[in-house]
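Below: one structure, written as structure tokens.
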């Protein structure tokens with residue numbers, strides 16, 4: 001007879017196996033990330049945005065007019081002035097050290113964002129904590145090769161770090177903790193995350209929304225205190241003009257504004273874009289709020305991320321790293337749906353293949369305004385995927401609403417029928433009492449008591 005294995009020993013063996021598996025997956029992710037970094041940082045325009053961050057920090061440090069300067073590739077500094085203040089330390093370290101630090105931070109942040117996405121309800125009920133770490137590493141090893149992530153690494157961008165700030169805050173809020181400050185700070189660095197403060201307000205997390213607003217206001221106040229001239233120039237509403245950021249028709253601009261310019265073959269699309277963006281924004285926020293109130297915080301994050309990227313006038317392809325955790329959420333949510341997994345696979349393949357760049361754009365600044373319908377499908381791939389996700393959310397919400405109405409009507413009809421039957425029964429009992437009394441009287445007269 002064999003010796004029974006104590007439960008403690010079985011638990012230790014299981015934990016040891018999980019640790020080994022997690023270790024192997026971490027090693028695989030490091031190798032994948034290293035390969036991606038080597039493939040991207042040696043390409044043309046590598047660390048172009050990081051050089052602008054460094055130059056912007058140097059400009060505010062030396063009192064130069066931040067928004068009147070041209071930096072690498074003739075580009076301007078387009079972030080809020082608070083961001084330039086945060087970039088000042090980049091000028092204190094050698095260029096190579098700054099590149100290594102930013103790249104390492106991005107590589108470390110990606111699996112953490114994936115893990116945090118799996119800690120938002122209802123993901124913990126679908127994926128255990130230990131399995132969530134493994135899934136996050138496996139997903140990140142593949143996701144880092146998606147075009148938004150590759151481009152983020154290539155340019156030395158900070159979008160993954162901003163995504164991390166947003167997710168840390170949202171997970172803390174979902175667990176009942178204080179939150180909102182990190183979302184406000186992220187919005188003070190780059191305006192796009194501000195939509196999550198609107199989401200907090202829509203889901204009646206008034207305290208967290210107020211904290212986010214206060215933190216954002218704090219970033220503005222710090223900028224006015226330290227670089228008042230630059231702050232006044234940025235916040236005079238000139239930041240609302242997308243033309244100062246870049247060419248709106250550029251295929252790298254995966255926003256509704258960029259897609260409309262390419263589809264309509266003109267830059268004069270403001271009158272069309274405003275109502276379309278407003279409708280998509282309202283629908284996206286409403287769906288996210290609905291999901292959040294129903295305990296579907298992970299789906300709410302995904303909807304907010306996609307909506308913000310769609311309605312922003314400029315959403316460069318590397319901005320779409322904000323929506324990369326949504327792919328992981330979609331994989332888990334659609335794990336038993338072949339059609340759902342196929343749809344996620346199509347989006348992933350489009351990202352890996354960098355399909356938005358598979359169009360002829362070498363013939364000048366306005367080449368994107370002359371694309372064929374087939375080319376437009378490729379050039380607007382991220383926008384189409386985002387619109388499809390919002391449209392799917394609307395369809396599901398409409399279906400659930402109609403089902404709810406049907407059940408309410410059925411319940412109301414059943415209650416009305418039961419009420420009618422009860423009244424009929426009561427009337428029957430009431431009418432039978434006089435008959436019974438008359439019968440008793442006749443019997444009494446026929447057979448008088450002795």
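The values are calculated or read from the model by the stated rules, or taken from the named source; none is laboratory data. Small disclaimer: the values here were computed from a predicted structure and weren't measured. Methodologically, a virtual Cβ is constructed for each residue, glycine included, from the backbone with ideal geometry; neighbour enumeration extends over all protein chains shown.
Between a residue in the stretch 27-42 that is on the phi > 0 side of the Ramachandran plot and free of Cβ contacts under 8 Å to residues at least 24 places away in the same chain and any residue that is outside any helix (DSSP H, G or I) and surrounded by fewer than 19 Cβ atoms within 10 Å (Cβ to Cβ), which pairs come within a Cβ distance under 8 Å, given they are 6 or more apart or on different chains?
Within 8 Å, no pair qualifies.
From the list 67, 53, which one is assigned to a helix (DSSP H, G or I), in contact with a helix residue (DSSP H, G or I) (Cβ under 9 Å, 6 or more places away or on another chain), surrounded by 18 or more Cβ atoms within 10 Å (Cβ to Cβ) and modelled with pLDDT under 95? Before you say what the answer is, go through the steps one by one.
Details: 53 fails: modelled with pLDDT under 95.
It is 67.
Hey, any hits in the stretch 274-283 for a residue that's buried (at least 22 other Cβ atoms within 10 Å of the Cβ), at pLDDT 95 or above and farther than 29 Å from residue 68 by Cβ? Lay out the reasoning, then the answer.
Quick first cut of the stretch 274-283, residues buried (at least 22 other Cβ atoms within 10 Å of the Cβ) only: none.
So far as the stretch 274-283 goes, no, none of its residues is buried (at least 22 other Cβ atoms within 10 Å of the Cβ), at pLDDT 95 or above and farther than 29 Å from residue 68 by Cβ.
Tell me yes or no: at least one residue of the stretch 323-330 is on the phi > 0 side of the Ramachandran plot, within 22 Å of the chain's Cα centre (by Cα) and touching a residue at least 12 places away in the same chain (Cβ under 8 Å). First the steps, then the outcome.
Here is the first cut: in the stretch 323-330, the ones on the phi > 0 side of the Ramachandran plot are none.
Within the stretch 323-330, none of the residues are on the phi > 0 side of the Ramachandran plot, within 22 Å of the chain's Cα centre (by Cα) and touching a residue at least 12 places away in the same chain (Cβ under 8 Å).
I'm trying to understand the selection: among the residues of the stretch 218-234, which are without any contact (Cβ under 8 Å) to a residue 40 or more places away in the chain and touching a helix residue (DSSP H, G or I) at 6+ places or on another chain (Cβ under 8 Å)?
Taking the stretch 218-234 as the starting set, the residues that turn out to be without any contact (Cβ under 8 Å) to a residue 40 or more places away in the chain are 218, 221, 224-225, 228, 232.
Correct list: 218, 224, 232.
Look through the stretch 331-365, keep the residues that are surrounded by 14 or more Cβ atoms within 10 Å (Cβ to Cβ) and at pLDDT below 90, and return whichever of them is nearest to residue 249 (Cα to Cα).
Checking each candidate, the answer is 361.
Here's the yes/no breakdown for (1) within 26 Å of residue 67 (Cα to Cα); (2) part of a helix (DSSP H, G or I); (3) at pLDDT below 95:
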{"position": "200", "(1), (2), (3)": "no, yes, no"}
{"position": "211", "(1), (2), (3)": "no, yes, no"}
{"position": "216", "(1), (2), (3)": "yes, yes, no"}
{"position": "225", "(1), (2), (3)": "yes, yes, no"}
{"position": "239", "(1), (2), (3)": "yes, yes, yes"}
{"position": "263", "(1), (2), (3)": "no, yes, no"}
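Can you go through 141, 97 and tell me which one is more than 16 Å from residue 320 (Cβ to Cβ) and buried (at least 21 other Cβ atoms within 10 Å of the Cβ)?
Details: 97 fails: buried (at least 21 other Cβ atoms within 10 Å of the Cβ).
Testing whether each residue is more than 16 Å from residue 320 (Cβ to Cβ) and buried (at least 21 other Cβ atoms within 10 Å of the Cβ) leaves just 141.
Are there any pairs, at least 6 apart or on different chains, whose C-beta atoms fall under 6 Å, with the first in the stretch 255-283 and at positive phi and touching a residue at least 24 places away in the same chain (Cβ under 8 Å) and the second surrounded by 14 or more Cβ atoms within 10 Å (Cβ to Cβ) and in a helix (DSSP H, G or I), and if so, which?
That search, which allows pairs on different chains as well, returns 265/369.
Quick check, is residue 117 in contact with a helix residue (DSSP H, G or I) (Cβ under 6 Å, 6 or more places away or on another chain), crowded, with 16+ Cβ neighbours inside 10 Å and closer than 19 Å to residue 305 by Cα? Please lay out each step first, then the result.
On the way: in contact with a helix residue (DSSP H, G or I) (Cβ under 6 Å, 6 or more places away or on another chain): yes; crowded, with 16+ Cβ neighbours inside 10 Å: yes; closer than 19 Å to residue 305 by Cα: yes.
Here the answer is yes, as residue 117 does meet what is asked.
Give the residues of the stretch 164-188 that are buried (at least 22 other Cβ atoms within 10 Å of the Cβ), touching a residue at least 40 places away in the same chain (Cβ under 8 Å) and either assigned to a loop (DSSP other than H, G, I, E, B) or over 14 Å from the mean Cα position of the chain (by Cα) (or both), sorted by residue number.
Answer for the stretch 164-188, where residues must be buried (at least 22 other Cβ atoms within 10 Å of the Cβ), touching a residue at least 40 places away in the same chain (Cβ under 8 Å) and either assigned to a loop (DSSP other than H, G, I, E, B) or over 14 Å from the mean Cα position of the chain (by Cα) (or both): just 188.
For the stretch 80-115, name all the residues that are in a loop (DSSP other than H, G, I, E, B) and either within 16 Å of residue 160 (Cβ to Cβ) or without any contact (Cβ under 8 Å) to a residue 60 or more places away in the chain (or both).
Our first condition is that a residue be in a loop (DSSP other than H, G, I, E, B); within the stretch 80-115, this holds for 80, 87, 93-94.
Of everything in the stretch 80-115, those that are in a loop (DSSP other than H, G, I, E, B) and either within 16 Å of residue 160 (Cβ to Cβ) or without any contact (Cβ under 8 Å) to a residue 60 or more places away in the chain (or both) turn out to be 87, 93, 94.
Which numbered condition in (1) in a helix (DSSP H, G or I); (2) more than 12 Å from the chain's Cα centre (by Cα); (3) buried (at least 22 other Cβ atoms within 10 Å of the Cβ) is the only one that residue 161 fails?
Just one mismatch for residue 161, condition (3).
Being modelled with pLDDT under 85 and exposed (fewer than 12 other Cβ atoms within 10 Å of the Cβ) is true for just one of 428, 399. Which residue is that?
Working: 399 fails: modelled with pLDDT under 85.
Of the residues listed, the single one that is modelled with pLDDT under 85 and exposed (fewer than 12 other Cβ atoms within 10 Å of the Cβ) is 428.
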